[in-house]
Every structure is written in C-alpha cells, then in structure tokens.
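Engineer: Handing you this structure, nothing more for now.
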Amino acid sequence: MDTGISKELSFIKSRKDFSFILTNEGEITTQGLPTVLSSSGTAFFLDGVIYNSNEHQLIRDFEQQGVSGLEKLEGSFILFVLTGSKLYLLTDRVHSKKAYYAQLEGAWFVSNNIDMLPKGKCTISPDGLACFLANGAMYNTLTLYKEILSTRGGSIYSFIKQKLSIQTYWEYGFHYPKEESVEDLQKELEQLLIDTIKEMAPAVSHAAVSLSAGYDIRGILGILHQYANTPQISCFSYALGGNSQVNSDSYYAKKIASACGYPHEVYPSYTGDLVNHIINNVQKGKCLSSFCEELKTWDALAESGRYTDVIVGEECFGYFDVPLKTKESILSLLAVNGAGSIQWMKKFIQPDLYKQFNNSLTRVVDEVWKRLEPFSDVHDKKDFLYFDQRINHVLLPWRENICSQVGYVHNPLLNTRLLEFVKKLPPVHRKNKNLFKKTIMSMLPDLFAIGFATTSGYSMNWQIEIRKNKQSLIDFVQRTDSLLDCIISKQEVIQMIREQSSSTEIWKKHITRAIILVRRKNKLFNRMATPFFGSLNGFVSKHVYADILVLRLLMIRTALQK
C-alpha cells in the first residue's frame, strides 16, 4: 500500500494492516513492516495520517518522553510502537481508526484488521449479535466475537509482560464556566476552521471531496477554495442510477462545486444485485460498519485509482434541538435501540433466543447510558452520546472500512482544537449547530446562498428491493453454511425474507412512515397522536423495520460463513 513520510513537512501517511502475537514466553511475532524504524530498534507501525509530526520528530518524542510523548499527535490514525518486549497501541482522540485484541490460550492477539485475528478460536457474542441487529453498528467495545474487543479513542494500550493496561489520555465532555459573547465565539471559531483545514492541506494531494448539500462539507470546500487555496480537488456525489434528482444532494452539490471552480461527478449509488451488494458490504465493513447503500460509488472511485485522499465532513458542533425529558427520548433521538426494538423477529426465532437478545440489548444500552451519567444537562448528554457512539461506532467505521479504500480519509472538523472549542460551548450554541451555522454562513455567504437539498436522491427502498431479489436471497441462504445457523436456522432466515416481502409488511411500513411525516409537519396532530403512539422520537426508533432487520441478519450470516 501507499506509504508517504515527509521529512521537510510535518506529516506521515501510511495505509497498512499489522498484527502482533505476544506469547506466554514473552516473544512477539509481527506481521507487516514498520513505517518508521529508529536506530535503537524501536519500530512504529502506522495506519492512517498524522498531520503534526514526521519521522525524526516521532522518534525523538518517543525516546525523550516515552509513549506519553505521542499524546500530542493530531490526525486520523492507529499507531503501534514495538520496543523490546513491549507493545504500545495509541488511538487518536476521535477513534477514527480502531484496533482489535483478544487473549486466547494465554497469548495476546492484536491487529488493526479484525480478519487477521484467530476468529476461528473465538465464540459468537450474543451481545454483539443483538447490538448489530438492533443498531446496525457495534457500540462500546463489541464485535461479533466474545473474546475480541475493540479499542476506545484517546487511549494508550500497553502490552507488557503478558499484562494489558489501558490509559485514557484525552476525553470528550463539556465545561462552560464563563460566558463569552457570540461575536467573540464566532471570531474564534472562524479562525480555528481556517487553521485546521490549512493544517490538513499539505497532507492532501489528489483529493476527492464527498460533497453533499448540507453545511459541513460545503463549508470545508469553501474554506479549501477561499482560504487555503487548494487547487487539486475534485468533487463527487452519488445518486440512484447516477442521475441527479432536482433538489437532491447531488443536484445542489454540482452547483456548489461549480461555484468554487472544482470539477464534480455523480456516481451510481446502487445498481442492483442485492446478494453481491450484501457480500461486498461484509467484505469491506466486516459487520463493524453499518449497511452501506452507496458502496458501488466507493468501489468505483477505488477502482479508478485517481485519488490518494478523501475529505469528509463529520463534526461535533451539536445536534437537533428537540424536547428531551427522559432517558428514552435521548437514546431514541440518536437511534440507540435497546430491548424490544427487534420485536418483528420475535415470531420467527426461539423464545429463549429472543429473550437473550433483549437481555443483551439491555446490557448494551445500560453501558452506553452509564457513560452519560457525569452530565446533568440533557443536551450535554445528547451531544456526548453523539460523539461517544454515533461518531465513534456508526459514522467513522463507515469512513474507516468503506471510504478508505479510495485513499486516506480526512476529517478536518474533528480536529482536537475544534473539539476543545466545542467542549466549552454551553448547550444554546450547540442546539441545531447554531454557532457553527452562523459562523460558516458568514464566512461563505455566496456559497450558502445556493439551495439546500430536500431529498438525498440516493436512498433505495430496500423493502421493495428485497422483494425483487427474494428468490436469489433464499437461494443464497440455502447454498451457504454459517456459524449463525445453530442460533438462527436457515429456515427461520428464509421465513423472515418471505414475510418482509409480503404486501402486508410493505403497506405497514408505508403507513408508519406516513404517520411519522404528518407528525413532523403538524404539531396538533403530533400532540393528538402522542397518547396512542408515544413521543415522536420514541415512535420513530422504537422498532427496527423488517427490511432493515433482514439486511442486517444476512450481513451477520455472511460474516460468519464457514
């Protein structure tokens, strides 16, 4: 894979997989060559990009301060350091790249690629199964295997003398002791946005910007053009069939790119063949990433070989401003689904298994909620949850496992200085991303005069698509064997495929979506509906739709194929 180290400029880039086995006898076996090797024999294994260091700085900081000298590193990376019989693993602050580890038969197995771990020696995790079914993601430190755990962000993992110790060197949270004027905050944020995007720019060569018509990536593109003067940029969007609908993301994205003088292309998001789409999702996402609708786009970009870098717009400037009074309302807003959310499966699987899944989901959600306990304000809880679970376990795994096949993934709005700035903002400035929106619109008024999308233009009706591909999906289940079969049988899976494809299920989903749409647009109707259906947030995410459950189930089954 591509490896680039700048000795003059302060950045390091490397895209590689590594694995390490630490035996009882103190021996360490490695797979993969180091990115940087010091004269004393300390080896640094990097997957990702570091913006504020180079080969000499990296070695010097470690030799002078030990592993704590690496805590100041900025970027999107996972870094292993092997020195003598000690192995250190450093995750970046936002956990944009993950590592996985397991202790089996007295030995430690560690890798940034879960497929390089001995999964055949592991047992299936009921909590991992239930979490992926209900949420399409792996929360906390879960994987499909009991023994294999995921790392956490902002942490140093030290494997020394067969013992693991974990130290957190950075944490997200909110502390706003003094009140600052909106004008001063906007001025500070404006400069931070320019500085962080400029810091990224030298590490970017032939970059593709994943452009939509929202605030975040539009703002990044405008700053790249107007303030960072970055010429080698191409923009792309995706749409069903590669055709932009009027008022869709790709429709306005083309106008935005044109206003900045950058080329723009639209790629087809999905072209059919659902079985292969599921298989490809599992091969790339490994049931650590959610189902990717537009995987065809990322494959096409990767196959073209035109780009070395991808710039994306994940951020933590705040989230929707909706009434939040209960634990359930906060969890529902972020679609953290617990017990009861997979109720549709109840009639197909064994009662004991359904009960076990609900118990697992209760444990998962309890652990998620426990991490919110330090915060008293409901909006602090909501915004921390967005960072802790949605950014960490939904959005960034998609970027890490799917988008990174194109090139290095850059998340400039998740720079540490921006996160530290957000940490001092009171909720009023985070609701609906108010402060960020005011700031970026004042910086780029002409770019934000271009319209905003009213539809994505790329989302497929998966219920109809499963119905179209029903027989090929059934054939796929029948001709393959999976470790899942002893938990959920082939016949049970096939029954679910058939049932979700029925006219009854399709109409049920149409009616549910219609009710949600009316409740969102009509406050009086929403108040009248609440006593019957519960709060709107809870109603939206209370139950996972049948088609989504079937897709997730097929992904798990494929990931566990024998």
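The values are calculated or read from the model by the stated rules, or taken from the named source; none is laboratory data. Computed from a predicted model, the values in this text were never measured in an experiment. Here the Cβ positions follow ideal geometry from the backbone for every residue, glycine too, while neighbour counts run over all protein chains shown.
Engineer: So is TYR172 in contact with a helix residue (DSSP H, G or I) (Cβ under 6 Å, 6 or more places away or on another chain), among the aromatic types (Phe, Trp, Tyr) and buried (at least 19 other Cβ atoms within 10 Å of the Cβ) or not?
Structural biologist: Details: in contact with a helix residue (DSSP H, G or I) (Cβ under 6 Å, 6 or more places away or on another chain): yes; among the aromatic types (Phe, Trp, Tyr): yes; buried (at least 19 other Cβ atoms within 10 Å of the Cβ): yes.
Against the criterion (in contact with a helix residue (DSSP H, G or I) (Cβ under 6 Å, 6 or more places away or on another chain), among the aromatic types (Phe, Trp, Tyr) and buried (at least 19 other Cβ atoms within 10 Å of the Cβ)), TYR172 qualifies.
Engineer: Being in contact with a Leu (Cβ under 7 Å, 6 or more places away or on another chain) and over 19 Å from LEU274 (Cα atoms) is the filter here; which residues of the stretch 458-486 pass it?
Structural biologist: The answer is LEU483, LEU484.
Engineer: Counting only residues that are in contact with a Lys or Arg (Cβ under 7 Å, 6 or more places away or on another chain) and buried (at least 22 other Cβ atoms within 10 Å of the Cβ), how many does the stretch 303-325 have?
Structural biologist: Residues meeting the conditions: 3.
Engineer: Does VAL364 qualify as being within 22 Å of ASN135 (Cβ to Cβ), surrounded by fewer than 22 Cβ atoms within 10 Å (Cβ to Cβ) and either aliphatic (A, V, I, L, M) or modelled with pLDDT under 95 (or both)? Talk me through it step by step, then tell me what you get.
Structural biologist: Numbers: within 22 Å of ASN135 (Cβ to Cβ): yes; surrounded by fewer than 22 Cβ atoms within 10 Å (Cβ to Cβ): no; either aliphatic (A, V, I, L, M) or modelled with pLDDT under 95 (or both): yes.
Answer is no for this residue.
Engineer: For residues in the stretch 334-344 being crowded, with 20+ Cβ neighbours inside 10 Å and among the aliphatic types (A, V, I, L, M), which is farthest from the chain's Cα centre (by Cα)? So that I can check it myself, show each step before the final result.
Structural biologist: Step one: of the stretch 334-344, the residues crowded, with 20+ Cβ neighbours inside 10 Å are 334, 336-338, 341-342, 344.
Of the ones still in play, those that are also among the aliphatic types (A, V, I, L, M) are 334, 336, 342.
Values: LEU334: 13, VAL336: 14, ILE342: 22 Å.
Per the criteria, the residue is ILE342.
Engineer: Please count how many residues of the stretch 34-59 are within 21 Å of ARG417 (Cα to Cα), without any contact (Cβ under 8 Å) to a residue 60 or more places away in the chain and not polar (S, T, N, Q).
Structural biologist: Adding up the residues that qualify gives 2.
Engineer: Hey, another quick one. Given the conditions (1) more than 24 Å from TYR270 (Cα to Cα); (2) modelled with pLDDT under 95; (3) of a type in the set (Lys, Arg), report the number of the one that LYS423 does not fulfil.
Structural biologist: Of the numbered conditions (1) more than 24 Å from TYR270 (Cα to Cα); (2) modelled with pLDDT under 95; (3) of a type in the set (Lys, Arg), the odd one out for LYS423 is (2).
Quick grid of which residues meet (1) farther than 19 Å from VAL282 by Cα; (2) modelled with pLDDT of 95 or more; (3) not hydrophobic (A, V, I, L, M, F, W, C):
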| position | (1), (2), (3) |
| --- | --- |
| ASN135 | no, yes, yes |
| TYR139 | no, yes, yes |
| LEU144 | no, yes, no |
| LEU149 | no, yes, no |
| SER155 | yes, yes, yes |
| PHE159 | yes, yes, no |
| SER165 | yes, yes, yes |
| TRP170 | yes, yes, no |
| LYS178 | yes, no, yes |
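Engineer: Out of the residues in the stretch 149-194 that are touching a Gly at 6+ places or on another chain (Cβ under 9 Å) and part of a loop (DSSP other than H, G, I, E, B), which is farthest from GLN389 (Cα to Cα)?
Structural biologist: Only one residue fits best here, namely LYS161.
Engineer: Among the residues of the stretch 432-466 satisfying the criterion of being buried (at least 19 other Cβ atoms within 10 Å of the Cβ) and more than 27 Å from the chain's Cα centre (by Cα), which is farthest from LEU185 (Cα to Cα)?
Structural biologist: LEU447
Engineer: Same structure again: Out of HIS429, HIS393, which single residue is in contact (Cβ under 8 Å) with a residue 40 or more places away in the chain and either over 21 Å from the mean Cα position of the chain (by Cα) or in a loop (DSSP other than H, G, I, E, B) (or both)? Spell out the reasoning first.
Structural biologist: Details: HIS393 fails: either over 21 Å from the mean Cα position of the chain (by Cα) or in a loop (DSSP other than H, G, I, E, B) (or both).
So the residue among HIS429, HIS393 that is in contact (Cβ under 8 Å) with a residue 40 or more places away in the chain and either over 21 Å from the mean Cα position of the chain (by Cα) or in a loop (DSSP other than H, G, I, E, B) (or both) is HIS429.
Engineer: Mind listing whichever residues of the stretch 62-112 are within 20 Å of THR42 (Cβ to Cβ), more than 26 Å from the chain's Cα centre (by Cα) and assigned to a strand (DSSP E or B)?
Structural biologist: LEU82, THR83, LYS86, LEU87, TRP108
Engineer: Evaluate the following for SER501: is it of a type in the set (Ser, Thr, Tyr), under 28 Å from the mean Cα position of the chain (by Cα) and surrounded by 15 or more Cβ atoms within 10 Å (Cβ to Cβ)?
Structural biologist: For SER501, the condition - of a type in the set (Ser, Thr, Tyr), under 28 Å from the mean Cα position of the chain (by Cα) and surrounded by 15 or more Cβ atoms within 10 Å (Cβ to Cβ) - is not met.
Engineer: Now for a different question. If I ask for residues that are within 20 Å of GLY153 (Cα to Cα), touching a Ser or Thr at 6+ places or on another chain (Cβ under 8 Å) and either assigned to a strand (DSSP E or B) or among the hydrophobic types (A, V, I, L, M, F, W, C) (or both), which ones from the stretch 32-61 would you list?
Structural biologist: PHE44, PHE45, LEU46, ASP47, GLY48, VAL49
Engineer: Would you call PHE525 assigned to a helix (DSSP H, G or I) and at pLDDT below 70? So that I can check it myself, show each step before the final result.
Structural biologist: On the way: assigned to a helix (DSSP H, G or I): yes; at pLDDT below 70: no.
For PHE525, the condition - assigned to a helix (DSSP H, G or I) and at pLDDT below 70 - is not met.
Engineer: On to the next question. For the condition in the same structural domain as SER212 (by TED's automatic domain parsing), among the aliphatic types (A, V, I, L, M), assigned to a helix (DSSP H, G or I) and touching a helix residue (DSSP H, G or I) at 6+ places or on another chain (Cβ under 9 Å), what is the one hit in ILE279, ILE330? Step through it out loud before you land on a result.
Structural biologist: Working: ILE330 fails: in the same structural domain as SER212 (by TED's automatic domain parsing).
The unique qualifying residue is ILE279.
Engineer: If you check PHE77, PHE62, which single one turns out to be in contact with a strand residue (DSSP E or B) (Cβ under 9 Å, 6 or more places away or on another chain), farther than 21 Å from ASN411 by Cβ, aromatic (Phe, Trp, Tyr) and assigned by TED's automatic domain parsing to the domain that holds LEU22? Reasoning before the result, please.
Structural biologist: Details: PHE77 fails: farther than 21 Å from ASN411 by Cβ.
Within the list PHE77, PHE62, the selection yields PHE62.
Engineer: Now for a different question. In this structure, is ILE217 among the β-branched types (Val, Ile, Thr), under 23 Å from ASP446 (Cα atoms) and either within 26 Å of the chain's Cα centre (by Cα) or surrounded by 22 or more Cβ atoms within 10 Å (Cβ to Cβ) (or both)? Show your work before the answer.
Structural biologist: Details: among the β-branched types (Val, Ile, Thr): yes; under 23 Å from ASP446 (Cα atoms): yes; either within 26 Å of the chain's Cα centre (by Cα) or surrounded by 22 or more Cβ atoms within 10 Å (Cβ to Cβ) (or both): yes.
It is true that ILE217 is among the β-branched types (Val, Ile, Thr), under 23 Å from ASP446 (Cα atoms) and either within 26 Å of the chain's Cα centre (by Cα) or surrounded by 22 or more Cβ atoms within 10 Å (Cβ to Cβ) (or both).
Engineer: Filter the stretch 337-390 for residues that are in contact (Cβ under 8 Å) with a residue 40 or more places away in the chain, touching a helix residue (DSSP H, G or I) at 6+ places or on another chain (Cβ under 6 Å) and of a type in the set (Ser, Thr, Tyr) and give the result.
Structural biologist: Hits for the stretch 337-390 are SER341, SER360.
Engineer: Would you call LEU142 part of a loop (DSSP other than H, G, I, E, B) and surrounded by 13 or more Cβ atoms within 10 Å (Cβ to Cβ)? Reasoning before the result, please.
Structural biologist: Details: part of a loop (DSSP other than H, G, I, E, B): yes; surrounded by 13 or more Cβ atoms within 10 Å (Cβ to Cβ): yes.
Yes, satisfied.
Engineer: Tally the residues that are assigned to a helix (DSSP H, G or I) and over 23 Å from CYS131 (Cα atoms), restricting the search to the stretch 377-390.
Structural biologist: Going through the stretch 377-390, the residues assigned to a helix (DSSP H, G or I) turn out to be 378-390.
Retained after the next criterion (residues that are over 23 Å from CYS131 (Cα atoms)): 378-380.
Number of matching residues: 3.
Engineer: Spot the failing condition for GLU199; the list is (1) modelled with pLDDT of 95 or more; (2) in a helix (DSSP H, G or I); (3) buried (at least 18 other Cβ atoms within 10 Å of the Cβ), and only one is missed.
Structural biologist: Against the list (1) modelled with pLDDT of 95 or more; (2) in a helix (DSSP H, G or I); (3) buried (at least 18 other Cβ atoms within 10 Å of the Cβ), GLU199 comes up short only on (1).
Engineer: Does the stretch 206-217 contain any residue that is modelled with pLDDT of 95 or more and either part of a helix (DSSP H, G or I) or touching a Gly at 6+ places or on another chain (Cβ under 6 Å) (or both)?
Structural biologist: For the stretch 206-217, residues modelled with pLDDT of 95 or more and either part of a helix (DSSP H, G or I) or touching a Gly at 6+ places or on another chain (Cβ under 6 Å) (or both): present.
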